[in-house]
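Here is the structure we will look at.
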Amino acid sequence: MAERYQQTPGRFPSPKGVLMFLLPLPVLFAAIASLARGHLGGLLGNAAGYALFLVGALLLRQGLLSEAEYDRRRVAKAPWPLKTLGGGVIALATGVTAWLGAGQPLVMAVAFGLAALLGCYLSYGFDPLAAKRFTDRDGVDVTDRVLEALTQAEQSIAVIEQSTRNIRNAELNSRLRRIVALARRVLTMLEEDPRDLRRARKFLNVYLDGAKQVTQGYAKTHARAASPELEDNFRRVLATIEEVFQEQQQKLLETDVTDLDVQIEVLTTQLKREGVI
Amino acid sequence: MPASLRKFIGLLLIFAAVGVASCQALVASCSTTAATPTVLTPR
């Protein structure tokens, strides 16, 4: 069985769910004030409340990011219900803060918690439950296969990026960065339209995997013994890889254009037959 | 219910619950006669 989808690291941070980090800040100040005044009860209550708020906000944020990725993809497994879990932890944190920090009676603290839970639900909603499945032309469900291929490709790109950091050559580094950017663009196109996966199989299995192995190998060898001949060979290989990646991207774009042409042609014929044009 | 209204009510509830509880906790910890949490008061 394929692994559940996980957020790809290294992207620009999104402001989603930041409110839940900012709103409970007075609880942190309350814990500091209790510490300064030597109120152990207040300190423990506020510290526990703030810790729960932080855990809840982290879960909620991760859930929102996973949901955004889920929405962006055409094929995806249902993400872990982190948003719902985060809402529950925030409700608990609100109740604990109201009870132990603010000194509210238990019934009122529960009411505070329920209001926070309802607020989280109304504002952020529940997590998506159904997987976005994909079937090929023969009607076979290939969701797991598509997700596995995309995850493997992401891993290969991550290895190339990691190896790039160990290569101390500005020219090779910039070339590798271009290759990584191209590979990501191709991957985005495949995520948006997994029907292209069959056409891009060679790119994923041969070129991307080869690029990963060569870069990884060069990063290791080059650290031990520098050789101008090896560097030249590596430069040549990178140039070829870059060319192949560009061709792949172009090919996918052209396929989209061809698909659209065919659709327009079919529609035109149909409209002509029905006497509309 | 429109999505924007639902979100607005949700945000109001979050501000009312989380914001009020947090500010009350801060006021309680800063007041000179600090409010003792009911759970910690001797019976």
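The values are calculated or read from the model by the stated rules, or taken from the named source; none is laboratory data. Note that this is a predicted model, so its numbers are computed, not measured. When we count neighbours, we look across all protein chains shown, and the Cβ atoms used for this are built from the backbone with ideal geometry, even at glycine.
When region A:99-131 is examined, which residues are found to be touching a residue at least 40 places away in the same chain (Cβ under 8 Å) and under 30 Å from B:Pro2 (Cβ atoms)?
Once the filter is applied, which keeps residues that are touching a residue at least 40 places away in the same chain (Cβ under 8 Å) and under 30 Å from B:Pro2 (Cβ atoms), region A:99-131 yields A:Cys120, A:Tyr124, A:Gly125, A:Phe126, A:Asp127, A:Pro128, A:Leu129, A:Ala130, A:Ala131.
With the structure loaded, tell me whether A:Leu252 is in contact with an Asp or Glu (Cβ under 9 Å, 6 or more places away or on another chain) and surrounded by 16 or more Cβ atoms within 10 Å (Cβ to Cβ) or whether it fails that test.
So A:Leu252 fits the description; yes.
Just give me the residues in region B:1-31 being over 10 Å from the mean Cα position of the chain (by Cα) and either touching a residue at least 40 places away in the same chain (Cβ under 8 Å) or more than 7 Å from every other protein chain (Cβ to nearest Cβ) (or both), in sequence order.
B:Met1, B:Pro2, B:Ala3, B:Ser4, B:Leu5, B:Phe8, B:Leu12, B:Val27, B:Ser31
Among the residues of region A:132-152, are any in contact (Cβ under 8 Å) with a residue 12 or more places away in the chain, surrounded by 13 or more Cβ atoms within 10 Å (Cβ to Cβ) and under 30 Å from A:Ala225 (Cα atoms)?
So far as region A:132-152 goes, no, none of its residues is in contact (Cβ under 8 Å) with a residue 12 or more places away in the chain, surrounded by 13 or more Cβ atoms within 10 Å (Cβ to Cβ) and under 30 Å from A:Ala225 (Cα atoms).
For region A:16-30, how many residues are in contact (Cβ under 8 Å) with a residue 24 or more places away in the chain and either assigned to a helix (DSSP H, G or I) or hydroxyl-bearing (Ser, Thr, Tyr) (or both)?
Total satisfying the criteria: 4.
Test A:Ala76 against the criterion of being surrounded by 21 or more Cβ atoms within 10 Å (Cβ to Cβ), small (Gly, Ala, Ser) and away from chain B (no Cβ under 14 Å), and give yes or no.
For A:Ala76, the condition - surrounded by 21 or more Cβ atoms within 10 Å (Cβ to Cβ), small (Gly, Ala, Ser) and away from chain B (no Cβ under 14 Å) - is met.
If you go through region A:53-63 one residue at a time, do you hit one that is at pLDDT below 85 and either in the same structural domain as A:Gly103 (by TED's automatic domain parsing) or closer than 26 Å to A:Gly119 by Cβ (or both)?
no
List the number of the failed condition for A:Ser174; all other conditions in (1) within 18 Å of A:Arg73 (Cβ to Cβ); (2) modelled with pLDDT of 80 or more; (3) among the polar types (S, T, N, Q) hold.
(1)
If you go through region A:208-220 one residue at a time, do you hit one that is free of Cβ contacts under 8 Å to residues at least 60 places away in the same chain, surrounded by fewer than 21 Cβ atoms within 10 Å (Cβ to Cβ) and hydroxyl-bearing (Ser, Thr, Tyr)?
no
So A:Lys83 passes all but one of these: (1) more than 14 Å from chain B (Cβ to nearest Cβ); (2) among the basic types (Lys, Arg); (3) under 30 Å from B:Lys7 (Cβ atoms). Which condition number does it fail?
The failed condition is (1).
When you check A:Thr94 against the structure, is it polar (S, T, N, Q), out of contact with any strand residue (DSSP E or B) (no Cβ under 9 Å at 6 or more places or on another chain) and surrounded by fewer than 22 Cβ atoms within 10 Å (Cβ to Cβ), yes or no?
Numbers: polar (S, T, N, Q): yes; out of contact with any strand residue (DSSP E or B) (no Cβ under 9 Å at 6 or more places or on another chain): yes; surrounded by fewer than 22 Cβ atoms within 10 Å (Cβ to Cβ): no.
No, not satisfied.
Working only within region A:31-46, note down all residues that are facing chain B (nearest Cβ under 7 Å) and part of a helix (DSSP H, G or I).
If the condition is that a residue be facing chain B (nearest Cβ under 7 Å) and part of a helix (DSSP H, G or I), then A:Ala33, A:Ser34, A:Arg37, A:Gly41, A:Gly42, A:Gly45, A:Asn46 are the ones that fit.
Restricting attention to region A:195-212, does a residue exist that is farther than 25 Å from A:Glu69 by Cα and of a type in the set (S, T, N, Q)?
No, there is no match, as no residue in region A:195-212 is farther than 25 Å from A:Glu69 by Cα and of a type in the set (S, T, N, Q).
Can you go through A:Val89, A:Val110 and tell me which one is over 16 Å from A:Met20 (Cα atoms), more than 9 Å from every other protein chain (Cβ to nearest Cβ) and part of a helix (DSSP H, G or I)? Steps first, answer last, please.
On the way: A:Val89 fails: over 16 Å from A:Met20 (Cα atoms).
Result of the check over A:Val89, A:Val110: A:Val110.
Answer with yes or no whether A:Arg168 is under 30 Å from A:Thr255 (Cα atoms), surrounded by fewer than 16 Cβ atoms within 10 Å (Cβ to Cβ) and not small (Gly, Ala, Ser).
In short, no.
Residue by residue through region A:199-240, note down the ones that are of a type in the set (Val, Ile, Thr), touching a Leu at 6+ places or on another chain (Cβ under 9 Å) and modelled with pLDDT of 85 or more.
A:Val214, A:Thr215, listed by residue number.
Residues to consider are A:Asp209, A:Asp196, A:Asp232; find the one that is touching an Asp or Glu at 6+ places or on another chain (Cβ under 9 Å), among the acidic types (Asp, Glu) and in a helix (DSSP H, G or I).
Within the list A:Asp209, A:Asp196, A:Asp232, the selection yields A:Asp196.
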